[in-house]
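Comments concern the structure below.
The values are calculated or read from the model by the stated rules, or taken from the named source; none is laboratory data. In this text the structure is predicted, and so the values were computed from the model without any measurement. Glycine gets a Cβ as well: all are built from the backbone with ideal geometry, and neighbour counts include every protein chain shown.
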Amino acid sequence: MSSNEEQTFTRLVNEQRAQNNPASTNTVSEAEWHTKLSGKKIVDGQAHSVDTFSKQDLPEKHRVIPPGTLVTMDHHPDRLNVHVDEQGNATHVTFG
């Protein structure tokens, strides 16, 4: 699956989740964050291009998760999890 196909698939899954669970406030936010971050490189400092996104602009409760990283299983519904590829580009987001 190409990167564009994967991004389209993830967007469609997020939209379907939002339709199936309208009571969930995070599902809509998940789709919005996915749209904002998808394919962009997450950087520590200021974002200086349309291809980057600054960690400073993420919600206070967030974590950036590179491939193969072990994460705790504690669930925080308001914590944004930004999953990135080997280059640091956002691939998808979840809350929890």
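Before moving on, here are some points about what is shown:
- Restricting the first member to region 58-74 and to residues that are touching a residue at least 40 places away in the same chain (Cβ under 8 Å) and closer than 25 Å to Q46 by Cβ, and the second to residues that are loosely packed, with under 12 Cβ neighbours inside 10 Å and acidic (D, E), no beta-carbon pair is closer than 7 Å while six or more apart or on different chains.
- Flag for N81 being touching a strand residue (DSSP E or B) at 6+ places or on another chain (Cβ under 6 Å), modelled with pLDDT under 95 and not hydroxyl-bearing (S, T, Y): no
- Remark: pairs (first residue in region 27-53, touching a residue at least 24 places away in the same chain (Cβ under 8 Å) and closer than 10 Å to A90 by Cα; second residue assigned to a helix (DSSP H, G or I) and of a type in the set (S, T, N, Q); Cβ separation under 7 Å; 6+ apart in sequence or on different chains) = H34/T10; H34/N14; S38/Q7; G39/Q7.
- Residue list for region 33-57, restricted to those being touching a Phe, Trp or Tyr at 6+ places or on another chain (Cβ under 8 Å) and either within 14 Å of L80 (Cα to Cα) or of a type outside the set (K, R) (or both): K36, L37, I42, V43, A47
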